[in-house]
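Colleague: Structure in C-alpha cells, see below.
The values are calculated or read from the model by the stated rules, or taken from the named source; none is laboratory data. Everything numeric here is computed off the predicted structure, so don't read it as measured data. Because the Cβ atoms are built from the backbone with ideal geometry, glycine has one as well, and the counts that use them run over all protein chains shown.
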Amino acid sequence: MIELSAVSKTYQKGADVVRALDQVSLEIEEGSFVAVVGPSGSGKSTMMNIIGLLDRPDTGSYRFRGDDVGGLGSDELAGLRNARVGFVFQSFHLLPKTTALENVELPLVYSDRPDISGLGMTALTQVGLADRAGHTPGELSGGQQQRVAIARALVNEPDLILADEPTGNLDSASSLEVLAIFQELNRAGKTIVLITHDAEVAAMASRVVRIVDGSIVSDEPVEAPTEARSAAAPLAREIA
C-alpha cells in the first residue's frame, strides 16, 4: 500500500537547515499494523505527514497503492486524502459546540459518495458510542472523545488509518480502550500506522519501525503483540 523510496525532507529553522527525513525508504503492506517509534524531533511526525498526503518530500518518491502521488496537484491530493486516509491525533481536534455525530460526519461534507446517509452512526457504533451521538465533546470523557475521533477517521471507510500519539492525552484505562479498538480494526483488515514514543504502545502493533535523526535505524516484526485489555475489552471485540 505504501512505498517510500529515498525520501528526504528539510526545514529552515532560523539560520539552520533541519533534515527531518534523510533518504528514508519504507514499504507497508495492506492490512499491516505498524508502529513508528522515535524520540521527539526524530522525524516520525514528518513521515506521517508525508504518508498522509499532508506534506511532500523534497526528494525521493512516494507510491500509494502503486500510484506515484508526487505529480498530483493540491486539490487531487486533498481528494485522495479525504477518500483514502483517516487521521487520529493526540488532541482529538473535535469541534467543541458540535455533537459527536456531527463531528464524525464532517469528512462527509467533502465526500463525492452518492449516498452518505447513516455512515456517521455506523462509525459511532463501531467504536461503541452510538448512545453518545447527541453529546458535545465537553460532555464526554477523554477516552470517549478519542473514540469519536476514531469514528471520524473511519466514516469514509478509508484504506489507511494514521494515528499520531493517539494515547498521549489519555489515562491508562482509556489508552487501552483505544488501542484495543485499533487492534480489532486491524484484525478486520484495516491498515494502521501509529506514531508513538512509547515502547509499550508500540508493542501492541505487529511491526515496529524505529526512527532516529531522520533515519530508520530498525524495522522489526513483533512476534507476539501485547493484547490491549481493559474494562472495555468486550466493546473492542464487537468491532469486526
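Colleague: Considering only residues of segment 162-191 that are under 16 Å from Ser45 (Cβ atoms) and not small (Gly, Ala, Ser), which is surrounded by the fewest Cβ atoms within 10 Å (Cβ to Cβ)?
Modeller: Asn169
Colleague: Go through the residues of segment 146-156 one by one and say whether even a single one is over 17 Å from Ala83 (Cα atoms) and without any contact (Cβ under 8 Å) to a residue 40 or more places away in the chain. So that I can check it myself, show each step before the final result.
Modeller: Here is the first cut: in segment 146-156, the ones over 17 Å from Ala83 (Cα atoms) are 146-148.
From the residues that got through so far, the ones that are without any contact (Cβ under 8 Å) to a residue 40 or more places away in the chain too are 147.
Within segment 146-156, one or more residues are over 17 Å from Ala83 (Cα atoms) and without any contact (Cβ under 8 Å) to a residue 40 or more places away in the chain.
Colleague: Out of (1) assigned to a strand (DSSP E or B); (2) farther than 16 Å from Arg210 by Cα, the odd one out for Val36 is which?
Modeller: Exception for Val36: condition (2).
Colleague: Can you tell me which residues in segment 191-204 are more than 12 Å from Pro166 (Cα to Cα) and modelled with pLDDT under 95?
Modeller: Result: Ala199, Glu200, Ala203, Met204.
Colleague: Return the residue satisfying two criteria in turn: it lies in segment 5-22 and is of a type in the set (S, T, N, Q) and either touching a helix residue (DSSP H, G or I) at 6+ places or on another chain (Cβ under 6 Å) or at pLDDT below 95 (or both), and of such residues it is farthest from Ile161 (Cα to Cα). Full working, then the answer.
Modeller: Kept after step one, since they are of a type in the set (S, T, N, Q), are these residues of segment 5-22: 5, 8, 10, 12.
Subset that is either touching a helix residue (DSSP H, G or I) at 6+ places or on another chain (Cβ under 6 Å) or at pLDDT below 95 (or both): 10, 12.
Numbers: Thr10: 25, Gln12: 29 Å.
Taking the candidates together, the pick is Gln12.
Colleague: Given the criteria touching a residue at least 24 places away in the same chain (Cβ under 8 Å), under 14 Å from the mean Cα position of the chain (by Cα), under 13 Å from Gln90 (Cβ atoms) and part of a helix (DSSP H, G or I), does Val178 qualify?
Modeller: Working: touching a residue at least 24 places away in the same chain (Cβ under 8 Å): yes; under 14 Å from the mean Cα position of the chain (by Cα): yes; under 13 Å from Gln90 (Cβ atoms): yes; part of a helix (DSSP H, G or I): yes.
When the stated conditions are applied, Val178 passes them.
Colleague: Further question on the same structure: Could you check segment 3-40 and list, in sequence order, the residues that are aliphatic (A, V, I, L, M), surrounded by fewer than 20 Cβ atoms within 10 Å (Cβ to Cβ) and under 24 Å from Gly189 (Cβ atoms)?
Modeller: Within segment 3-40, the subset aliphatic (A, V, I, L, M) is 4, 6-7, 15, 17-18, 20-21, 24, 26, 28, 34-37.
When the remaining residues are screened for being surrounded by fewer than 20 Cβ atoms within 10 Å (Cβ to Cβ), the result is 6, 15, 17-18, 26.
Of everything in segment 3-40, just one residue is aliphatic (A, V, I, L, M), surrounded by fewer than 20 Cβ atoms within 10 Å (Cβ to Cβ) and under 24 Å from Gly189 (Cβ atoms), namely Leu26.
Colleague: Looking at segment 128-145, I want the residues that are under 22 Å from Leu185 (Cβ atoms) and have a partner that is charged (D, E, K, R) with Cβ atoms under 6 Å, at least 6 apart or on another chain. Which pairs are those?
Modeller: Qualifying pairs under 6 Å: Leu129/Arg147; Gly143/Glu177.
Colleague: Looking for something part of a strand (DSSP E or B), in contact (Cβ under 8 Å) with a residue 12 or more places away in the chain, touching a Gly at 6+ places or on another chain (Cβ under 8 Å) and under 27 Å from Ser206 (Cβ atoms) - is there at least one such residue anywhere in segment 64-85? Break it down stepwise before answering.
Modeller: Here is the first cut: in segment 64-85, the residues part of a strand (DSSP E or B) are 64, 67-68, 85.
Those still in the list that are in contact (Cβ under 8 Å) with a residue 12 or more places away in the chain too: 64, 85.
Narrowing further to those that are touching a Gly at 6+ places or on another chain (Cβ under 8 Å): 85.
With the extra rule that they be under 27 Å from Ser206 (Cβ atoms), the set shrinks to 85.
Yes, segment 64-85 contains at least one residue that is part of a strand (DSSP E or B), in contact (Cβ under 8 Å) with a residue 12 or more places away in the chain, touching a Gly at 6+ places or on another chain (Cβ under 8 Å) and under 27 Å from Ser206 (Cβ atoms).
Colleague: Pairs needed: first member in segment 10-26, within 14 Å of Asp55 (Cβ to Cβ); second member anywhere, of a type in the set (S, T, N, Q) and outside any strand (DSSP E or B); C-beta distance under 7 Å; at least 6 residues apart or different chains.
Modeller: As it stands, the answer is Ala20/Thr46; Leu21/Thr46, since those pairs meet every condition given.
Colleague: Follow-up. Within segment 139-149, restricting attention to residues that are buried (at least 24 other Cβ atoms within 10 Å of the Cβ) and of a type in the set (A, V, I, L, M), which residue is farthest from the chain's Cα centre (by Cα)?
Modeller: So, considering only residues that are buried (at least 24 other Cβ atoms within 10 Å of the Cβ) and of a type in the set (A, V, I, L, M), the one farthest from the chain's Cα centre (by Cα) is Val148.
Colleague: Here is a follow-up. Hey, does segment 107-122 have a residue that's modelled with pLDDT of 90 or more, in a helix (DSSP H, G or I) and touching a Gly at 6+ places or on another chain (Cβ under 8 Å)?
Modeller: Within segment 107-122 (the criterion being modelled with pLDDT of 90 or more, in a helix (DSSP H, G or I) and touching a Gly at 6+ places or on another chain (Cβ under 8 Å)), the answer is no, since none of the residues qualifies.
Colleague: Further, regarding this structure: Within segment 96-110, is even one residue surrounded by fewer than 16 Cβ atoms within 10 Å (Cβ to Cβ), over 30 Å from Leu176 (Cα atoms) and touching a residue at least 12 places away in the same chain (Cβ under 8 Å)?
Modeller: Checked against the condition, which is being surrounded by fewer than 16 Cβ atoms within 10 Å (Cβ to Cβ), over 30 Å from Leu176 (Cα atoms) and touching a residue at least 12 places away in the same chain (Cβ under 8 Å), segment 96-110 yields at least one hit.
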